[in-house]
Amino acid sequence: MRHDKAGQVIELARHLASSAEGLTLDEMAEAMGVGRRTAERMRDAVDRLFPTLEEVRDPPTKRWRIRGGLSGFEQTPTAVEMIELSKAATALRRAGEPQRAAALEALERKIKSAMRSSALNRLAPDLEALVRAETIAVQAGPRPSADEAMLATIRSAILSGVTLRFVYARPGAEARGRELIPCGLMFGRANYLVAANPDSGRIQTFRLDRMSKVECGDTPAQPPEDFDLNAFANRSFGIYQDEVHDVALHVLPEGAAEARGWRWHPTQTLEDRPDGSVIVRFSASGMKELAWHLFTWGRQVRILQPEVLRQVMAEELDAARAALDQASG
């Protein structure tokens, strides 16, 4: 068996050992990026190499899993995997997220403590070289933060299926208590709780740094059955959730190459024009955040639609001019 095929078999074994309910052949094929027939052959190879592979009946499908996990031989991490874990922890710490960084650092220690000293010694030179050769560029922006106890309480409410009580304070508004159904957490430039109103079912977002006195409620509660956190997050260009608009942006030729490599939105489509420009289309809410982003493109982007985005852009320009005039005056 060629080395690359052997590596694929080991990788499939890892997927099968890390799934409690097991994987179907279609799920194996998707995980490995191969066709179903190839997935069948790979499963058969795993069966020959790992006697603990078992079939799990889940009518009308069949699933397979490896009981008891894999040995340290198959699970030894690479230098690249370890440095990426370390970099992720460093990025969170520099972004003002010490609690989340500490969780990744603890995971890194657990992985290293489970490795044989000989394996650690082999990794050490490569890790040292990569640490010297790679760093994280710090970008200007808000420093999101979340109290460790608050995160633990929110997660406990989600796992226990109960409401969450807290006091929320918006700028310029009186703080007031709320009791809502926690649906999830969104981490980004700012960190948010996503919660549903138990009476109306309306989904709202709440910045964690504006929440206080957070505690689990006594009322059993579950998110709406049709709620999908990823789909909810993908509706918006950023975090703010409001009316969804069909957006069309004309990126001029001088910015087209960068626009083609830019991830504008999960729903984006790109249309190349004969003059070398490109039309970017997607559907999203959060027109103010999109307007803020478009400032970074300068003269390279023209707004084709919606009209509300043009209005928001004009308002933001007026506000910037007013601030500049006030400073110079």
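Numbers at a glance
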{"quantity": "Pick from region 289-306, criterion out of contact with any His (no Cβ under 9 Å at 6 or more places or on another chain) and surrounded by fewer than 16 Cβ atoms within 10 Å (Cβ to Cβ), ranking: nearest to Arg263 (Cα to Cα)", "calculated": "His293"}
{"quantity": "Any hit, region 219-230, residues being within 30 Å of Leu92 (Cα to Cα), touching a residue at least 12 places away in the same chain (Cβ under 8 Å), of a type in the set (D, E, K, R) and in a loop (DSSP other than H, G, I, E, B)", "calculated": "no"}
{"quantity": "Meets criteria (under 26 Å from Leu317 (Cβ atoms) and assigned to a strand (DSSP E or B)) for Asp246", "calculated": "yes"}
{"quantity": "First in region 254-271 and free of Cβ contacts under 8 Å to residues at least 40 places away in the same chain, second anywhere and in a loop (DSSP other than H, G, I, E, B) and surrounded by 14 or more Cβ atoms within 10 Å (Cβ to Cβ), Cβ under 7 Å, 6 or more apart", "calculated": "Ala256/Ser277; His265/Phe237"}
{"quantity": "Qualifying residue in region 68-85 (condition: loosely packed, with under 13 Cβ neighbours inside 10 Å, under 30 Å from Arg155 (Cα atoms) and not acidic (Asp, Glu))", "calculated": "yes"}
{"quantity": "All positions within region 155-204 that are in contact with a Phe, Trp or Tyr (Cβ under 9 Å, 6 or more places away or on another chain), closer than 23 Å to Ala88 by Cβ and of a type in the set (A, V, I, L, M, F, W, C)", "calculated": "Leu185, Met186, Leu193, Val194"}
{"quantity": "Condition check for Ile111: in contact with a Leu (Cβ under 6 Å, 6 or more places away or on another chain), at pLDDT below 85, surrounded by 13 or more Cβ atoms within 10 Å (Cβ to Cβ) and not assigned by TED's automatic domain parsing to the domain that holds Thr296", "calculated": "no"}
{"quantity": "Qualifying residue in region 258-276 (condition: crowded, with 18+ Cβ neighbours inside 10 Å and part of a helix (DSSP H, G or I))", "calculated": "yes"}
{"quantity": "Close pairs from region 293-321: first at pLDDT 90 or above, partner of a type in the set (Asp, Glu), Cβ under 7 Å, at least 6 apart", "calculated": "Gln300/Glu254; Gln305/Asp246; Pro306/Asp246"}
{"quantity": "Looking only at region 279-288, and only at residues there that are modelled with pLDDT under 90 and more than 19 Å from Ala231 (Cβ to Cβ), the one that is surrounded by the most Cβ atoms within 10 Å (Cβ to Cβ)", "calculated": "Met287"}
{"quantity": "Number of the condition not met by Arg57 [criteria: (1) at pLDDT 75 or above; (2) more than 30 Å from Arg207 (Cα to Cα); (3) surrounded by 12 or more Cβ atoms within 10 Å (Cβ to Cβ)]", "calculated": "(3)"}
{"quantity": "Any hit, region 38-46, residues being closer than 19 Å to Arg65 by Cβ and without any contact (Cβ under 8 Å) to a residue 12 or more places away in the chain", "calculated": "yes"}
{"quantity": "Cβ pairs under 7 Å, 6+ apart, first in region 6-28 and closer than 17 Å to Pro59 by Cα and touching a residue at least 60 places away in the same chain (Cβ under 8 Å), second of a type outside the set (Val, Ile, Thr) and outside any loop (DSSP other than H, G, I, E, B)", "calculated": "none"}
{"quantity": "Helices (runs of 4 or more DSSP H) wholly inside region 1-113 containing at least 1 residues that are at negative phi and touching an Asp or Glu at 6+ places or on another chain (Cβ under 8 Å)", "calculated": "3-17, 25-32, 36-49, 79-94, 98-113"}
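Each row is one residue, and each column tells you yes or no for (1) aromatic (Phe, Trp, Tyr); (2) in contact with a Lys or Arg (Cβ under 9 Å, 6 or more places away or on another chain).
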| site | (1), (2) |
| --- | --- |
| Thr219 | no, no |
| Pro224 | no, no |
| Phe227 | yes, no |
| Asn234 | no, no |
| His245 | no, no |
| His250 | no, yes |
| Glu254 | no, yes |
| Trp262 | yes, no |
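Here's the yes/no breakdown for (1) β-branched (Val, Ile, Thr); (2) more than 10 Å from Val247 (Cβ to Cβ); (3) part of a helix (DSSP H, G or I); (4) not assigned by TED's automatic domain parsing to the domain that holds Trp264:
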| residue | (1), (2), (3), (4) |
| --- | --- |
| Arg281 | no, no, no, no |
| Ala284 | no, no, no, no |
| Glu289 | no, yes, yes, no |
| His293 | no, yes, yes, no |
| Arg302 | no, yes, no, no |
| Met313 | no, yes, yes, no |
| Arg321 | no, yes, yes, no |
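The values are calculated or read from the model by the stated rules, or taken from the named source; none is laboratory data. Note that this is a predicted model, so its numbers are computed, not measured. Here Cβ is always computed from backbone atoms with ideal geometry, including for glycine, and neighbour counts include all displayed protein chains.
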